[in-house]
1. Considering each of G214, G188, G182 in turn, give the residue that is within 29 Å of F66 (Cα to Cα) and either in a loop (DSSP other than H, G, I, E, B) or among the acidic types (D, E) (or both).
2. Any residue in the range 177-204 that's under 17 Å from A137 (Cβ atoms): show its pairings with residues that are open to solvent by 60 Å² or more (accessible area, probe 1.4 Å) at Cβ separation under 6 Å, as long as the two are six or more apart or on different chains.
3. Note down all Cβ pairs under 6 Å where the first residue falls in the range 241-267 and is under 19 Å from K356 (Cα atoms) and in contact (Cβ under 8 Å) with a residue 12 or more places away in the chain, the second is open to solvent by 50 Å² or more (accessible area, probe 1.4 Å) and outside any loop (DSSP other than H, G, I, E, B), and they're at least six residues apart or on different chains.
4. Do you know which residues across the range 132-160 are of a type in the set (V, I, T) and either part of a strand (DSSP E or B) or at pLDDT below 75 (or both)?
5. What strands (runs of 3 or more DSSP E) lie completely within the range 1-66 and have 1 or more residues being crowded, with 17+ Cβ neighbours inside 10 Å, touching a strand residue (DSSP E or B) at 6+ places or on another chain (Cβ under 9 Å) and on the phi > 0 side of the Ramachandran plot?
6. For the list (1) over 26 Å from T112 (Cβ atoms); (2) surrounded by fewer than 16 Cβ atoms within 10 Å (Cβ to Cβ); (3) touching a Ser or Thr at 6+ places or on another chain (Cβ under 8 Å), I need the number of the one condition that A161 fails.
7. Could you go through the range 357-373 and let me know if any residue there is in a strand (DSSP E or B), surrounded by fewer than 16 Cβ atoms within 10 Å (Cβ to Cβ) and modelled with pLDDT of 90 or more.
8. On the given criteria, is A77 part of a loop (DSSP other than H, G, I, E, B) and either hydrophobic (A, V, I, L, M, F, W, C) or open to solvent by 80 Å² or more (accessible area, probe 1.4 Å) (or both)?
Amino acid sequence: VAAAGNVSWGGFYDAHSAITSYTLALGTSPLGAQVGASVTVPGDVRSLPLSRLAVADPVAVEAALFDGLDLWVSITATNAAGLSASVVAPLLAVDRTSPTVGPVLFTGSISTPRLLPADGSTDATTGGVGIARVVQADSTSASVAWMPFTDTGTVVSGDIAYTASILDTRDLSVVAAPMQPGAPAATGELTVAWSDLGLASGVLYVAVVTAVDGAGNSVTARSQQLLVVDATPPRQAGGRNALGYGLVRDGSMAGEDSDCQPRAGVTPANPGDVLTIDARGGVGHVVSSGEDIVALAMDATSSFSVLPFVCEPFHDEESGVELLRVAVGSSMGETSIMEWVDVSSHTVAGQVVLPKLPTGSVAFVGVQAVNAAGLTAEAWSDGVRMLCQPGTAGCDFDGNFVCLAPWSASAATE
């Protein structure tokens, strides 16, 4: 039996003459002595340090003990008549193979921001695709999960012990101290969760899991995606209005802003060419199918109002803009005319088709950007006033007027 660095034995018996000696050898085959010269001890000895059997040169030992090798110890008992008997026992199996890693993941939603070609910063609507990352708004906690690694060597060395930590990618400093996972979940997944952290917004973090098998072989795996804390909402290029909102322009021309428009009789742009939201039925939806396009084209333009708009792109360096929403209200910040409708995060212009709005009413178009952390930012137009259709009963508009901005005048002069 090999224990605590010693080889111990017993059970040899000779009824006719005493056992005078034992010869021990350590080899890579039964009765072999490849790892060191055999050692003979007196017949009253029952234990011997392994160090007496192995060669002293560690380089030679390393060369002899290849992965998957079985190491054998042999004991030969010799009696006074010179007769001998041997027993052989496996001492150990050599395992030099580290565990095979599996995916290591931060727990959270994955976002892929886009890259602005000009300066390399990320943006949700412009440029090439960036690197996927896990995004969260919480800066005080984080969790990492992985499936158990496998020990696929010739020899399996028993249970694998794990430790997980989180590093700051800027200098690889440890921001979440190494922890061991608890009991596996029903799926077998292992998890480590930290609290009371001080993660900085916009900084990329990497999770590191180190696994050590029973033979001391270790391997380290890093998370497939980096973690970023996003504590700021999306931003929009350009200025802000007096209420702190970003800017949306009424009308279909970039750089121009309409203050008044006919409330009916306007033919909408082809929905195949520009984002179109149809809210004639009271609830807005994006026109995407051929049937919707045909139904919109068949309706009389005198029965609905068309609100074209242009919006500067939103961007979010940390997590990217996941989606945009469009709404229409009778004032900035409210959605009494049309509730928020989800649209593509690439949207920079569009049109909303509504039931015919009252003459003199003012409609405000809002665009809301949502990043991967769920934080939002809004931009609103300064409003466009609905004018009656020239030539219709009760409309005194003769085509010559001064249209004042709705937010600075009580009505347009007709």
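The values are calculated or read from the model by the stated rules, or taken from the named source; none is laboratory data. Since we're looking at a predicted model, the values are computed, not measured. Here the Cβ positions follow ideal geometry from the backbone for every residue, glycine too, while neighbour counts run over all protein chains shown. Each accessible area value is taken on the protein alone, full model and side chains, heavy atoms only, with ligands, DNA and RNA left out. Shrake-Rupley method; radii C 1.70, N 1.55, O 1.52, S 1.80 Å.
1. Within the list G214, G188, G182, the selection yields G214.
2. Cβ pairs passing all conditions: L197/T140; S201/A231.
3. Correct list of pairs: A264/S302; G265/S302.
4. So the first thing to find is which residues in the range 132-160 are of a type in the set (V, I, T), and the list is 134-135, 140, 144, 150, 152, 154-156, 160.
Answer for the range 132-160, where residues must be of a type in the set (V, I, T) and either part of a strand (DSSP E or B) or at pLDDT below 75 (or both): V134, V135, V144, T150, T152, T154, V155, V156.
5. Values: elements: 6-8, 19-27, 39-42, 47-49.
Those strands (runs of 3 or more DSSP E) do not exist here; none qualify.
6. The number of the failed condition is (3).
7. No, the range 357-373 contains no residue that is in a strand (DSSP E or B), surrounded by fewer than 16 Cβ atoms within 10 Å (Cβ to Cβ) and modelled with pLDDT of 90 or more.
8. Working: part of a loop (DSSP other than H, G, I, E, B): no; either hydrophobic (A, V, I, L, M, F, W, C) or open to solvent by 80 Å² or more (accessible area, probe 1.4 Å) (or both): yes.
Judged against the criteria, A77 is not a match.
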